[in-house]
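Have a look at the structure below, then the notes.
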Amino acid sequence: MAERPQPQRAQDKLAFLLSLVPYLMDHDRVSVNEVAEHFGVPAEQIRDAVRLIGVSGIPGETAMYQHGDLFDIAWDDFEDNDQIVLTNMVAIDDSPRFSAREAAALIAGLQYLSALPEHSDRTAIATLMSKLSRGASAVPSPVAVAASDSDETLALARESVERGVQLEFDYLNSRGESEHRLVDPLRVESVDADWYLRGWCHLREAVRTFRLDRISNPRITEEPIAHGATDVSLPDTLFEGSADDLTVTIDIAAGAVALLADYIPEGAEHTEVGDRVRTSIRVSHYHGLKRLMASMSGVATVVGPPEARAVVAEWAAAGAARYADRS
């Protein structure tokens with residue numbers, strides 16, 4: 001790596017030291033030449049910085065620098081072998097850290113992100129997970145995020161979009177009926193933890209949105225798409241109403257009505273019921289309704305039809321029962 005000019009300004013020196021200290025902390029033992037090559041600076045600049053670190057720290061309760069208040073270095077190794085080994089790290093060791101549970105939760109989230117096709121830099125994510133493990137206040141519990149059943153479908157959907165070829169599959173509609181679909185795939189999008197395929201459906205002869213976890217037996221064909229992104233208009237919103245949608249009546253806090261604007265059909269009536277507003281929303285299936293109501297806990301209540309109330313009630317009861325079993 002080409003050597004960069006030695007920084008002259010105080011802020012440049014500070015920025016360099018702020019980068020150097022974490023690097024040394026992540027390496028138990030490292031040579032001066034390795035550090036110089038990593039930062040692209042002369043080896044003598046690294047030696048000067050290490051000597052400066054050796055007299056840096058925070059004063060103790062006596063307001064005087066005592067042993068243990070400074071960064072300490074294995075000086076014999078440094079002077080004789082040009083090796084850098086930090087033996088004491090001030091302030092940083094005592095700084096607030098994630099608890100073991102917090103670190104485990106973050107690591108689980110990073111594992112999930114690393115499994116998504118768009119996150120190709122697996123090495124950077126693995127490095128971050130390792131740092132979280134080392135920096136936690138205790139050893140995080142081992143966690144593993146299982147692959148989703150729709151991961152393979154997601155990969156096929158992305159491939160068909162990139163290649164511009166048709167995708168065929170069996171789809172479970174909102175009524176629980178399985179239909180064979182042939183689709184010109186146009187876009188793959190996600191909402192929260194769910195993935196959707198948007199494309200021209202040859203069965204419906206219109207643009208449709210398909211939830212990937214309701215797709216089975218997907219197969220990429222070699223037939224080029226008949227309707228491209230320039231031929232059809234994709235709405236800005238992910239969900240568009242259709243004749244197959246289910247209408248559900250809800251009571252919702254007045255201040256939260258705007259949060260469900262995408263689900264409330266045009267011309268829907270709004271009636272005041274106490275301190276709530278009674279209106280209707282349209283959903284493609286009751287599974288989506290469960291997730292929607294979970295995000296509006298304490299804010300919205302399903303009024304009808306009875307089937308919708310039963311589905312949400314059963315789902316909520318099942319979730320509560322899991323907490324009871326755990327206790």
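The values are calculated or read from the model by the stated rules, or taken from the named source; none is laboratory data. These numbers come from a predicted model, not from an experiment. Positions of Cβ are backbone-derived with ideal geometry, glycine not excepted, and every protein chain shown enters the neighbour counts. Side chains included, ligands, DNA and RNA excluded: accessible areas come from the protein's heavy atoms. Shrake-Rupley method; radii C 1.70, N 1.55, O 1.52, S 1.80 Å.
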One finds, for residue 26 and residue 261 with R0 = 45 angstrom and r their Cβ-Cβ distance, a FRET efficiency to the nearest 0.05 of 0.40
One finds, for residue 173 and residue 318 with R0 = 22 angstrom and r their Cβ-Cβ distance, a FRET efficiency to the nearest 0.05 of 0.40
Could you please put 169, 39, 98 in sequence from largest to smallest accessible area, using a 1.4 Å probe?
98, 39, 169
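Note down the net charge around residue 304, summing +1 for each Lys or Arg and -1 for each Asp or Glu among other residues with Cβ under 15 Å from its Cβ.
Summing Lys and Arg as +1 and Asp and Glu as -1 gives +1.
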Hey, rough spin-label estimate for residue 278 and residue 297, points 7 angstrom out along Cα→Cβ, what's it come to in nanometres?
2.7
Residues with amide H under 5 Å from that of residue 56, placed H, sequence gap 5 or more
71
